[in-house]
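Data block below; observations after.
Only the coordinates and a few stated rules stand behind these numbers; no lab work does. Source: prediction; values computed, not measured. Cβ placement follows ideal geometry from the backbone for every residue including glycine, while neighbour counts extend to all protein chains displayed.
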Amino acid sequence: MTDVCAVIVSYQPEPAAISSLVDKVAIQVGAVALVDNASAGGWQQALAESLSHRGGALLEQPYNLGLAAAQNIGIAWARSHGYRHVLLLDQDSEPDAGMVASLRQALQALAPNRIAAVGPRFHDLREHRDAPFVRIGFPLNRKLWCASDTQHIACDFLISSGALIPLEVIDRVGPMDEGLFIDNVDLEWSFRARAQGYALYGACAATMHHRLGDARRALPFGIGQVVVHGPLRLYYMMRNRLLLYRMPHTPRAWVAQDVPRVLAKLLLFGVLIGPRLRNLRCMLRGLRDGWRGQRGACPADLSGHD
């Protein structure tokens, strides 16, 4: 897809994994812009040369700007080099062969509508089946699974990794919200696009493997598993959801059903799953900062411990 530029954001990646991702996606797109948020290690030079030979670029940042700012840098590079679409990817995603072509075909098939983005169905290898696409409802969301490869499923949000977005849509909807730094960036942009009359679709013919969370932990009494995040990620999750609550384009139904999730996370990670005290401190600080409207990177007195 010569009019598509893949924008990959990396932060302390495993060198072999990020190189493999670049190889897999480079053959499906016109160019790859890899935005690295000041990672350590000596892997950058070889990958920079490889990207340059393919018409792409490694865009190294002097410090960790966060996911949203890095995505915006990659999007700006794609625009300045004449690309019409961007494919956003996280460093822990693995696109299947033909994923980009399937997304591009879906975008063309849905063209009569105002489409903000299309995304693949994704599968976490630790799960037994693909993740569903979601329509927001109250008290519960409606989960929609692919029944065939020909389906295009309307949904209310897409995860950023794997999302194919026309640049003209970003020009109208606006860039990623850099104040959120990392968590809920895709949710906020999806809500903003939907509020402006755009639609989002999942393309069942496109498949991607994607890793959600740092680990899985079994819950007591055999009631299932929970996705585990580190304390700093919990800070952003708590802070940013409060920031989303007050945004006019956030669906009120999502806010109403999300409040109980705040209480559930406080119980899970502050009482049941360690490091409990560190988790609880970060979550409560996130709620306080979200209430105060604080944005950007987390406070230094928290980040210094991880």
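For V4, V227, V118, which order do you get if you count the other beta carbons within 10 Å of each Cβ and list the fewest first?
The fewest-first ordering by Cβ neighbours comes to V227, V4, V118.
In whole angstrom, note down how far apart the Cα centers of the range 71-145 and the range 234-306 are.
26
Output the direction-averaged projected area (hull surface divided by four) of the convex hull of the alpha-carbon atoms of the chain, in nm².
Convex hull of Cα atoms, orientation-averaged projection: 15.6 nm².
Let me know the charge dipole size of the chain about its Cα centre in debye, to the nearest 20, where only the beta-carbon of Lys, Arg (+1) and Asp, Glu (-1) is charged.
So the magnitude is around 1280 debye.
Take the Cα gyration tensor of the range 1-145, multiply each eigenvalue by 5, square-root it, and list the three semi-axes largest first, rounded to whole angstrom.
27, 19, 15
Pick out, from H152, G41, Q28, the residue whose Cα sits farthest towards the positive end of the charge dipole of the range 4-210, with +1 on the Cβ of Lys and Arg and -1 on the Cβ of Asp and Glu.
Going by the Cα projections, it comes out as H152.
Taking neighbour Cβ counts within 10 Å as the exposure measure, how do S80, S52, S10 sort from fewest upward?
So the residues, fewest neighbours to most, are S80, S52, S10.
Given charges of +1 on the Cβ of Lys and Arg and -1 on the Cβ of Asp and Glu, with all other atoms neutral, how large is the dipole of the range 215-303 about its Cα centre, in debye to the nearest 20?
It works out to roughly 60 debye.
Report relative contact order for the chain in percent, whole number only (criteria: Cα-Cα under 8 Å, sequence separation at least 6). All intermediate terms of the calculation are to be shown ahead of the outcome.
Details: 579 pairs, mean separation 53.9, N = 306.
Relative contact order, the chain: 18 percent.
With runs of 4+ DSSP H residues as the only contributors, calculate the mean residue ellipticity of the chain at 222 nm using -39,500 (n - 2.57) per run, divided by the residue total and rounded to the nearest 500.
-12000 deg cm²/dmol
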